[in-house]
Structures are given as structure tokens and as C-alpha cells.
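Right, one structure below, let's go through it.
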Amino acid sequence: MIRHKLLLLGMTETDDFEKADFILFNTCAIRENAENHLYGELGQVKGIALRRKDLFVAISGCVMQEEKPVRYVLNHFPFVSLVFGTNNIDAFYDLLEESIKAHATYVDVRSQPTALVESPEEDTNGRTSRYTAFVDIAYGCDKFCTYCIVPYTRGKERSRKKEDILDEVRFLKEKGYRQVTLLGQNVDSYGKDFGDKYAFADLLEAVAQTGIERIRFTTPYPSDFNDQVFDVMAKYDNVMPSLHLPMQSGSDAVLKRMNRRYTRKEYLDIVHSLRERLPDVYLTTDIIVGFPGETDEDFKQTLSLCEEAHFDGAFTFLFSSRPGTPASRMKDDTPEDVKHERFDRLKDLIDKLSEEKAKTMVNTIQEVLFESVSRKDPSRISGYDRHGKLVHVKGDVSLIGQIRKVRILESHTYSLVGEIVND
Ligand code: 5AD
Ligand code: SF4
């Protein structure tokens, strides 16, 4: 959204700090290294800012929703002109004006949103792709997993009105968009705050009925997930056969300390029922390694759950202590090298599982929505098949935005290579 607002002001983009007149850092608070990464980048910009008094530096995003990092920025990087959070992005032009007038860093961070985005036109402005779009269905999170900072930075769960969501999807479809991804921290608790019976499965069905070609959603929470969602996935061909279902750990003891509200068995029951109902679904997950007090036995449980669920891919994270969260106060006596060794073992297993799955796709025909030209090799273009797997083919820019049939020729750990099949 902000990128678009800046382009509207007549700015052009560069990824070279030296060339820029205006630098905006968008930050993510979910793990600590993102915060450290920001300070590293600001350190680099410091030298330029000392030479160039007219350089404008702004910082936004979740990290700025916390008091400590904002203080750190004010103390260490006084050349920063503007700091704002996630709740007043709509007011960006006003913030810019105020910060230009101000003599010191202008800070405007709010704990409550000013307003939910209601008008589809407005929200569509900031999209970077003309074919695929994210559509917010809910904001915030009430789950309070003990490691996670999101409930503090993003606030209570608020669902968007279904009429607004559907208007936005229809609007995107008319504009030629081919795929929407419905977005929320816990999509499957959609609508609970309205107190009526209209649930995520109903919303998903209504979105499917708009006829937009591809629908994805992220992220569901295992214990809120119900079979009704599987019914909708099975019934509508435009709901893509992929599910990202974060498990976090395979050990009941760790899940409990994480305040995840399901057991290993409950998680596996969902996976089995998914595989039974929708055998073609591509299942991915998030896993945290090295949660405080995680023992070797706990970790083995995570490995065995991965084998049993046979994930097709996973994002693996080393536990990162976030200030103010309950997990940051838990006793953590696992040495760092043990955590890293576990992390590597898990990564090897996940790679092995996703390679196994990818191999089964060789010689099959997949439908791919092309999205980008390869940076390294401009004669190659890339897109995603219905399962969400990355596919590269030889081709040119005219294919971008098209859905074409592709015969898969090679499989790699994270991607497939194929050739377009002419119908
Ligand atoms: N440390 C490590 N990983 C985390 N995640 C969230 N918070 C933390 C943390 N403090 C991971 C979870 C979540 C994903 C988006 O990020 O696995 O599902
Ligand atoms: Fe964080 Fe997701 Fe847990 Fe919410 S459900 S607290 S966003 S990990």
C-alpha cells in the first residue's frame, strides 16, 4: 500500500541505498533476527545520512509497534525522520507531511487501528501483481501462543465484513486477477467476533462461488479447523489443493508449554482425515526448534510427527525469544549448538520428504499460473502449480498472468522444471 502511495508521488524504485533519496524499512517482529537485521541496515544507512542531510528515512511495520525498538531507534539512529506502526498506514501522506515539518524523528505508533479497510478500490491500490492478490479477511490474533509477539503487535482478532471481502474479490476478478489468497492469523476463526453462525467454510464457499480462478488461504489453526472446510475444498475446483497447517512441535509437553490448544494426536487426526478426503492436497507446516526446555525426546517426537504426516514442505524456525512473551521467561538450558544440530536434522528430513513428493510429480501435467521472469535467466519464467509448488519453464514475459499446462521434467527440493504443453 505504501509502495503504491510513494509511486503516486512520482518516486521511482532503487535497491541501492546510495542512490536513494527516500528509504523505507518495513519490519517484521516475529523473530529477533529481523530486528537485528534492521539495526544492521540502519547502521549502513547512517554513513550516508551523515553525508546527505536531505535523505529521508522512514520505518514502519510490527517491530515499531513495540516500545523498546522504537526507543532503540531514537537513541541510536537520530537521522530517522519518521517512525509509524501498522495501524495508521492509511494516514501515510499526513504522517509524511508532519515528519517533514518536524525537527526530530516524528513518531506516530497506535495500539488500535484507525479503521479497517472497507473500500475495495482503496485496498487494491497497493498490489504489486496484476494477477494474484492477498485479501485480508481478519486482523490480529487472540491465541497467545507463549512464544509469539503477534497478539501484542497486531491486537485482538477482528474479522472483516463478508460483504466487503466478497466485493473485493469480485472487483479483483473484474480487473483480471486470477488468484486470491485469503489472509488472517487464524482464518478458521473467521467471524467468531460477529457472534453469528457464519464461519470460515461459509466464507470460503462464497468466495469460490464468485468464480475467481484460484483461491488459497492462510493460516488455519489446527484445533479450530473443521471438516466443513474440507467439504468446500473438495466441492470447488477453484479452491486450490494445498493446506498450510502450522504444527510447531510434535511433543505434547512442548505444545502445552507453547499454549497450542491441540495434542499431537489431534493434529495427526486432522492430517489423516485430510489425506483421506483430499488425497491430492499438498500439506505444509511451520515448526519451531529449540523451544525452552525442549528435550531430545521432545525433538524426536517432532521428527516422527513429520514422518507420519509426510509433509510436502515446511518452514522451520529456531526459537527466538521475544521480549514480553511468556516463553521469554521460561527456563532454557539447551545449549545453542544442540539447537542448531536439531535444526539441521529437521531441515534434512523436511528436504527429504519434499524431494520424495516432488519426484512423484515428474512426467505429470500440472497447471501453472505464471508470475515472474527469472532474475538470473531472463529466458525462464516461473509460476505456481495448483498445489503451490514453484515451477520454472523456458518462456517469455508474454506468459505472465496466464495459466498453462506444463509437463514436469525435473524435480528439485524447492522447485520443479517443466515445459509448456500446447493444448
Ligand atoms: N520464534 C521462532 N519462530 C516463531 N514463529 C512465531 N514466533 C516465533 C518465535 N518467537 C514462527 C511460527 C509461526 C511462524 C509464522 O513463525 O512457527 O507459525
Ligand atoms: Fe502467533 Fe499464530 Fe499463535 Fe496467533 S496463532 S499467537 S499469530 S503463532
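Any idea which of 346, 369 is closer than 25 Å to residue 238 by Cβ, modelled with pLDDT of 95 or more and of a type outside the set (S, T, N, Q)? Spell out how you get there, then give the answer.
Values: 346 fails: closer than 25 Å to residue 238 by Cβ.
Going through 346, 369 in turn, the sole match is 369.
Which residue, of 319, 315, is exposed (fewer than 14 other Cβ atoms within 10 Å of the Cβ) and within 15 Å of ligand 2 (Cβ to nearest atom)?
Numbers: 319 fails: exposed (fewer than 14 other Cβ atoms within 10 Å of the Cβ).
Step by step, each of 319, 315 is checked, and only 315 is exposed (fewer than 14 other Cβ atoms within 10 Å of the Cβ) and within 15 Å of ligand 2 (Cβ to nearest atom).
Got a sec? Which of 32, 18, 41, 13 is closer than 30 Å to residue 289 by Cβ and either within 16 Å of ligand 2 (Cβ to nearest atom) or at pLDDT below 90 (or both)? Step through it out loud before you land on a result.
Values: 18 fails: closer than 30 Å to residue 289 by Cβ; 41 fails: either within 16 Å of ligand 2 (Cβ to nearest atom) or at pLDDT below 90 (or both); 13 fails: closer than 30 Å to residue 289 by Cβ.
Checking each option against the conditions leaves just 32.
Can you tell me which of 297, 336 is under 15 Å from residue 255 (Cβ atoms) and either loosely packed, with under 12 Cβ neighbours inside 10 Å or hydroxyl-bearing (Ser, Thr, Tyr) (or both)? Quick ask: steps written out before the conclusion?
Values: 336 fails: under 15 Å from residue 255 (Cβ atoms).
Going through 297, 336 in turn, just one is under 15 Å from residue 255 (Cβ atoms) and either loosely packed, with under 12 Cβ neighbours inside 10 Å or hydroxyl-bearing (Ser, Thr, Tyr) (or both): 297.
Would you confirm whether any residue within the stretch 187-207 is in a strand (DSSP E or B) and of a type outside the set (A, V, I, L, M)?
Going residue by residue through the stretch 187-207, those that are in a strand (DSSP E or B) are none.
No; the residues of the stretch 187-207 include none that is in a strand (DSSP E or B) and of a type outside the set (A, V, I, L, M).
State all residues of the stretch 176-198 that are modelled with pLDDT of 90 or more and small (Gly, Ala, Ser); if no residue qualifies, say none.
Within the stretch 176-198, 176, 184, 189, 191 qualify.
Identify all residues within the stretch 1-29 that are under 30 Å from residue 149 (Cα atoms) and either over 25 Å from the mean Cα position of the chain (by Cα) or part of a loop (DSSP other than H, G, I, E, B) (or both); write none if there are none. It would help to see each step written out before you state the result.
To start, the set of residues in the stretch 1-29 that are under 30 Å from residue 149 (Cα atoms) comprises 1-6, 15, 17, 22-29.
The answer is 1, 15, 17, 22, 28, 29.
Can you name the residue in the stretch 208-241 that is part of a loop (DSSP other than H, G, I, E, B) and touching a Gly at 6+ places or on another chain (Cβ under 8 Å) and is also surrounded by the most Cβ atoms within 10 Å (Cβ to Cβ) among such residues?
The first filter runs over the stretch 208-241 and keeps only residues part of a loop (DSSP other than H, G, I, E, B), leaving 210-213, 219-221, 225-226, 236-238, 240-241.
Next cut, touching a Gly at 6+ places or on another chain (Cβ under 8 Å) only: 219, 238, 240.
On the way: 219: 16, 238: 17, 240: 23.
Ranking the qualifying residues of the stretch 208-241, first place goes to 240.
Among what's in the stretch 179-200 and is more than 16 Å from ligand 2 (Cβ to nearest atom) and buried (at least 20 other Cβ atoms within 10 Å of the Cβ), pick the residue that is nearest to residue 141 (Cα to Cα). Break it down stepwise before answering.
Narrowing the stretch 179-200 to residues more than 16 Å from ligand 2 (Cβ to nearest atom): 179-181, 191, 194-199.
Narrowing further to those that are buried (at least 20 other Cβ atoms within 10 Å of the Cβ): 179-180, 191.
Numbers: 179: 25, 180: 21, 191: 13 Å.
It comes out as 191.
Being among the charged types (D, E, K, R) and farther than 22 Å from residue 355 by Cα is the filter here; which residues of the stretch 406-423 pass it?
Step one: list which residues in the stretch 406-423 are among the charged types (D, E, K, R), which gives 407, 410, 419, 423.
Residue satisfying the conditions is 423 alone.
Looking at (1) surrounded by 14 or more Cβ atoms within 10 Å (Cβ to Cβ); (2) away from ligand 2 (no atom under 16 Å from the Cβ); (3) among the aliphatic types (A, V, I, L, M), can you tell me which one residue 365 breaks?
(1)
Residue 234: more than 28 Å from residue 346 (Cα to Cα) and either at pLDDT below 95 or away from ligand 1 (no atom under 16 Å from the Cβ) (or both), yes or no? Working first, answer last.
Values: more than 28 Å from residue 346 (Cα to Cα): yes; either at pLDDT below 95 or away from ligand 1 (no atom under 16 Å from the Cβ) (or both): yes.
In short, yes.
Does the stretch 96-108 contain at least one residue that is modelled with pLDDT of 90 or more and away from ligand 1 (no atom under 16 Å from the Cβ)? So that I can check it myself, show each step before the final result.
Filtering the stretch 96-108 for residues modelled with pLDDT of 90 or more gives none.
Taking every residue of the stretch 96-108 in turn, none turns out to be modelled with pLDDT of 90 or more and away from ligand 1 (no atom under 16 Å from the Cβ).
When the residues of the stretch 236-249 are narrowed to those that are within 16 Å of ligand 2 (Cβ to nearest atom) and either aromatic (Phe, Trp, Tyr) or touching a Leu at 6+ places or on another chain (Cβ under 9 Å) (or both), which ends up nearest to residue 299 (Cα to Cα)? Please lay out each step first, then the result.
So the first thing to find is which residues in the stretch 236-249 are within 16 Å of ligand 2 (Cβ to nearest atom), and the list is 243-249.
Imposing the further condition that a residue be either aromatic (Phe, Trp, Tyr) or touching a Leu at 6+ places or on another chain (Cβ under 9 Å) (or both) reduces the set to 243-245, 247-249.
Working: 243: 24, 244: 21, 245: 19, 247: 13, 248: 11, 249: 8 Å.
Filtering first and then ranking leaves 249.
From the set of residues in the stretch 30-46 that are within 15 Å of ligand 1 (Cβ to nearest atom) and in a helix (DSSP H, G or I), which is surrounded by the fewest Cβ atoms within 10 Å (Cβ to Cβ)?
Initial filter on the stretch 30-46 (within 15 Å of ligand 1 (Cβ to nearest atom)): 30-37.
Those still in the list that are in a helix (DSSP H, G or I) too: 32-37.
Values: 32: 17, 33: 12, 34: 15, 35: 22, 36: 10, 37: 15.
Among residues in the stretch 30-46 that are within 15 Å of ligand 1 (Cβ to nearest atom) and in a helix (DSSP H, G or I), the one surrounded by the fewest Cβ atoms within 10 Å (Cβ to Cβ) is 36.
Using the structure shown, decide if residue 155 is more than 12 Å from ligand 2 (Cβ to nearest atom) and either under 27 Å from residue 386 (Cα atoms) or not aromatic (Phe, Trp, Tyr) (or both). Show your work before the answer.
On the way: more than 12 Å from ligand 2 (Cβ to nearest atom): no; either under 27 Å from residue 386 (Cα atoms) or not aromatic (Phe, Trp, Tyr) (or both): yes.
No.
When residue 110 is evaluated against the numbered criteria (1) of a type in the set (Lys, Arg); (2) within 30 Å of residue 137 (Cβ to Cβ); (3) in a helix (DSSP H, G or I), which criterion, by number, is the only one it fails?
Failed condition: (3).
What are the pairs with Cβ atoms under 6 angstrom where one residue, in the stretch 287-300, is of a type in the set (Val, Ile, Thr) and the other, located anywhere, is within 16 Å of ligand 2 (Cβ to nearest atom)? Sequence gap at least six, or different chains.
Note: pairs meeting the criteria are 287/314; 287/316; 288/248; 288/317; 288/319; 289/318.
For residue 146, are the conditions met, namely being modelled with pLDDT of 95 or more and either outside any helix (DSSP H, G or I) or within 15 Å of ligand 1 (Cβ to nearest atom) (or both)? If you could, list the steps in order and put the result at the bottom.
Details: modelled with pLDDT of 95 or more: yes; either outside any helix (DSSP H, G or I) or within 15 Å of ligand 1 (Cβ to nearest atom) (or both): yes.
Judged against the criteria, residue 146 is a match.
Every residue, every condition in (1) part of a helix (DSSP H, G or I); (2) out of contact with any Leu (no Cβ under 6 Å at 6 or more places or on another chain); (3) on the phi < 0 side of the Ramachandran plot, yes or no:
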residue: 273; (1), (2), (3): yes, yes, yes
residue: 283; (1), (2), (3): no, no, yes
residue: 288; (1), (2), (3): no, yes, yes
residue: 301; (1), (2), (3): yes, yes, yes
residue: 316; (1), (2), (3): no, no, yes
residue: 346; (1), (2), (3): yes, yes, yes
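Can you tell me which residues in the stretch 339-381 are closer than 24 Å to residue 295 by Cα and in contact with a His (Cβ under 7 Å, 6 or more places away or on another chain)?
Initial filter on the stretch 339-381 (closer than 24 Å to residue 295 by Cα): 339-353.
Correct list: 353 only.
The values are calculated or read from the model by the stated rules, or taken from the named source; none is laboratory data. Computed from a prediction, not measured in an experiment: that's the story for all the values here. Glycine also receives a Cβ, built like all others from the backbone with ideal geometry; neighbour counts cover every protein chain displayed.
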